[in-house]
Amino acid sequence: MREIVVVSGKGGTGKTSLTASFAYLEKENAVIADCDVDAANMHLLLEADFAKQEDFFSGEEAFIDEQNCINCGICESTCRFDAISFDGDKYVVDPISCEGCWYCSRVCPRETIKMNTKKAGDFYISKTKVGSIMAHAKLGFGAENSGKLVAHVKNSAKKLALENEKNFIIVDGSPGIGCPVVSSLSGAHLVVLVTEATTSGLHDLKRVHQVVKTFGLRAVCIINKYDLNEEVTSSIETFLEEEKIKLVGKIAYDEMFTKALSEGKCIVQSDSSLSYEIKNSWELIKKEVI
Amino acid sequence: MRITIASGKGGTGKTTISTNLSHYLSRKRQLVLVDLDVEEPNSGLFLDKEIFYEQVANKMIPEWQSKSCILCGECAKVCNFNAILKIEKEVLVFPELCHSCYACSELCFTNSLPMKPKQMGEITHYKCGTFDFIEGRLRVGEEQAVPLISQCIEYVDESFEKSFLRLYDAPPGTSCPVIEASKKSDFVFLVTEPTPFGLNDLRLAVETMKVLKRDFGVIINRYGIGDRGVEEYCEKEGIGIIAKIPNDKAIAKLYSNGELVYEKHEGFRRELEKISSFIGEIDA
């Protein structure tokens, strides 16, 4: 079982469309994991059926029982996150600012601050339109994306792949360079970096690759919209050579990319040069990972 | 006034709008643009700028003092983030897991865990001719964006008069970093694209803004490609669409070069004017 994680640093580079296409090509041989739990989209293209749902709990939040509270204000002055304030009548906790550190609860002289478990989001196991199993999630509104839900999605996908003897786990990673992306990357056999031929694309590629390097992971790269700016494309290629990252695909700027999306289709579902290029990339990726 | 430019989905055009809008508006009023997408800050790539001031951004982390520690293990018990581990004759601190809540430090009986600054990134203040630009940049390897975002906002509040318009270029998504970048703003522009992904993520962003009780409106980028889903959703929910930036490869080309768009693209400029007069209205 091999795990392939697709990341991009920058948003809007075509990461999810490409990942969905790989999933479409591999059919039931792969377990799919959508680790972009903050703005999950894979379920749309793969028509996930949301067959199984579970509540996901992570972290805690303080709750002040006003009956025993003597309004001493120690909790307010203790909190480093400005999560506790006096509303003119009583002390209240702002659940969005509360980090769940327990400090207020520990110092309250009346022991009147309780810590409640927080529901961080929903976790799903679905069947996709191509028959594969998919693990995905939806982060709760205003919840903390600490990477724990991402880790849960990934670990579940791994378990499902082992139980069902699947060859691949294809992971749509999170954007950025912070906790969620670190969780997405852990345990990857190969990282696919998706970038685009824009100055921002190159800038963000370099930063996310630094994270990938920190974990000693092997990476390949796909340049999307390479003909938008050939100069930037050649800078990207120079960077890839320097870092010994194999280029496994160059995809032209093509509005079909977006049009397929609007029809709810994976790009490889139709016959086109775009589709051919993506199929080719997937074959190269598989060769790299086996 | 504080205005946040946010989006659920990444790559919808937040930075293009933030940088062009700042440049355009600064001819008429005093403003500061703040790049709060500290994980991947990109606004600076589009601006002619000179460094005015640079400062290290620290977060506070406990530092173990072996001499005074009696190895009672209370610190490890108190930490709810597993950032402290007490082994036989040592206390280990894991800075990347620490949330800087101070509990271990202040509850230590022997004051053996004083809080010390550790660099998590930089805050840079640039001059861009007609306006100022502040960039927060998280160090690669640091995982928590929120403390740096809040320090950038503080820096701006200390450095600029209230009369300056503050434009925040927010990180993508709907979780803690976006919340930090929006929770005190007077208005939030949600940038989206007219595709099923754009719509799905816009819905999430709208729900988040409702939880935060913020006023918001929508800007549709790449208008004309894709479908009508976003517009139908906005109509049904009574959400104002403030501008529709046309889909045009010429805009993408200018963007790819790190160039500002509005001076060279008529259609883009027209929509920018709409955003500008909208800001004028809510500010009045």
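Per-residue answers, yes or no, for (1) within 24 Å of A:Ala151 (Cα to Cα); (2) in contact with a helix residue (DSSP H, G or I) (Cβ under 7 Å, 6 or more places away or on another chain); (3) touching a residue at least 40 places away in the same chain (Cβ under 8 Å):
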residue: A:Leu190; (1), (2), (3): yes, yes, yes
residue: A:Gly216; (1), (2), (3): yes, no, no
residue: A:Glu243; (1), (2), (3): no, yes, no
residue: A:Ala252; (1), (2), (3): no, yes, no
residue: A:Thr258; (1), (2), (3): no, no, no
residue: A:Glu263; (1), (2), (3): no, no, no
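With respect to B:Thr16, determine if the residue is in a loop (DSSP other than H, G, I, E, B), within 14 Å of chain A (Cβ to nearest Cβ) and farther than 24 Å from B:Pro147 by Cα. Spelling it out, it is not the case that B:Thr16 is in a loop (DSSP other than H, G, I, E, B), within 14 Å of chain A (Cβ to nearest Cβ) and farther than 24 Å from B:Pro147 by Cα. Whether a residue is among the acidic types (Asp, Glu), part of a strand (DSSP E or B), touching a strand residue (DSSP E or B) at 6+ places or on another chain (Cβ under 9 Å) and surrounded by fewer than 23 Cβ atoms within 10 Å (Cβ to Cβ) was assessed, and A:Glu60 passes this test. From the list A:Lys250, A:Lys244, the lone residue that is at positive phi and more than 14 Å from chain B (Cβ to nearest Cβ) is A:Lys244.
So which of A:Cys101, A:Cys75, A:Cys69 is assigned to a helix (DSSP H, G or I) and either crowded, with 18+ Cβ neighbours inside 10 Å or modelled with pLDDT of 95 or more (or both)?
Details: A:Cys101 fails: assigned to a helix (DSSP H, G or I); A:Cys69 fails: assigned to a helix (DSSP H, G or I).
Only one candidate passes the filter, namely A:Cys75.
Residue-wise test of (1) in the same structural domain as B:Pro172 (by TED's automatic domain parsing); (2) touching a Pro at 6+ places or on another chain (Cβ under 7 Å); (3) within 19 Å of B:Pro172 (Cβ to Cβ).
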| position | (1), (2), (3) |
| --- | --- |
| B:Asp201 | yes, no, yes |
| B:Thr208 | yes, no, yes |
| B:Tyr223 | yes, yes, no |
| B:Gly240 | yes, no, no |
| B:Leu254 | yes, no, no |
| B:Leu260 | yes, no, no |
| B:Glu273 | yes, no, no |
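Here B:Glu96 meets each of (1) outside the structural domain of B:Ile153 (by TED's automatic domain parsing); (2) closer than 23 Å to A:Gly176 by Cα; (3) at pLDDT 95 or above with one exception, condition (3). Of the listed requirements (1) surrounded by fewer than 17 Cβ atoms within 10 Å (Cβ to Cβ); (2) facing another protein chain (nearest Cβ under 10 Å); (3) within 26 Å of B:Lys162 (Cβ to Cβ), B:Phe52 misses just one: (2). Within region B:78-109, being among the aromatic types (Phe, Trp, Tyr) and surrounded by 17 or more Cβ atoms within 10 Å (Cβ to Cβ) holds for B:Phe81, B:Tyr102. Surrounded by fewer than 18 Cβ atoms within 10 Å (Cβ to Cβ) and within 14 Å of chain B (Cβ to nearest Cβ) - does that describe any residue in region A:157-166? So far as region A:157-166 goes, no, none of its residues is surrounded by fewer than 18 Cβ atoms within 10 Å (Cβ to Cβ) and within 14 Å of chain B (Cβ to nearest Cβ). Restricting the search to region A:1-35, which residues are assigned to a helix (DSSP H, G or I), out of contact with any Gly (no Cβ under 9 Å at 6 or more places or on another chain) and of a type in the set (A, V, I, L, M)? Result: A:Ala20, A:Ala23, A:Leu25. Quick one: in region B:77-91, of everything that is facing chain A (nearest Cβ under 10 Å) and in a loop (DSSP other than H, G, I, E, B), which residue is nearest to B:Lys67 (Cα to Cα)? It comes out as B:Cys79. Condition test on A:Ile125, is it buried (at least 18 other Cβ atoms within 10 Å of the Cβ), touching a Cys at 6+ places or on another chain (Cβ under 8 Å) and at pLDDT 95 or above? Here the answer is no, as A:Ile125 does not meet what is asked. Note on region B:93-107: residues that are part of a loop (DSSP other than H, G, I, E, B) and either touching an Asp or Glu at 6+ places or on another chain (Cβ under 7 Å) or at positive phi (or both) total 4. When B:Ala170 is tested against (1) under 14 Å from the mean Cα position of the chain (by Cα); (2) more than 26 Å from B:Arg270 (Cα to Cα), only condition (2) is not met.
Condition check ((1) within 22 Å of the chain's Cα centre (by Cα); (2) within 9 Å of chain B (Cβ to nearest Cβ); (3) of a type in the set (Ser, Thr, Tyr)) across all residues:
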site: A:Thr195; (1), (2), (3): yes, no, yes
site: A:Leu205; (1), (2), (3): yes, no, no
site: A:Val208; (1), (2), (3): yes, yes, no
site: A:Glu237; (1), (2), (3): no, no, no
site: A:Ile267; (1), (2), (3): yes, no, no
site: A:Ser273; (1), (2), (3): no, no, yes
site: A:Tyr276; (1), (2), (3): no, no, yes
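Within region B:139-161, one or more residues are within 12 Å of chain A (Cβ to nearest Cβ) and either part of a strand (DSSP E or B) or touching a His at 6+ places or on another chain (Cβ under 6 Å) (or both). In this structure, is B:Gly198 modelled with pLDDT of 95 or more, more than 22 Å from A:Ser8 (Cβ to Cβ), touching a strand residue (DSSP E or B) at 6+ places or on another chain (Cβ under 7 Å) and small (Gly, Ala, Ser)? No; evaluated as a whole, the condition is false for this residue. With respect to the conditions (1) buried (at least 23 other Cβ atoms within 10 Å of the Cβ); (2) outside any strand (DSSP E or B); (3) within 14 Å of chain B (Cβ to nearest Cβ), A:Ala151 lacks only one, and its number is (1). Only residues that are surrounded by fewer than 16 Cβ atoms within 10 Å (Cβ to Cβ) and closer than 25 Å to A:Leu202 by Cα were counted in region B:260-284, giving 2. In region A:78-98, the qualifying residues are those that are more than 13 Å from chain B (Cβ to nearest Cβ), in contact (Cβ under 8 Å) with a residue 12 or more places away in the chain and not charged (D, E, K, R), and the one that is surrounded by the most Cβ atoms within 10 Å (Cβ to Cβ) is A:Tyr91.
The values are calculated or read from the model by the stated rules, or taken from the named source; none is laboratory data. This structure is a prediction, so every number in the text was calculated from the model and none was measured. Every residue, glycine as well, gets a Cβ built from its backbone with ideal geometry; the counts of neighbours run over all protein chains shown.
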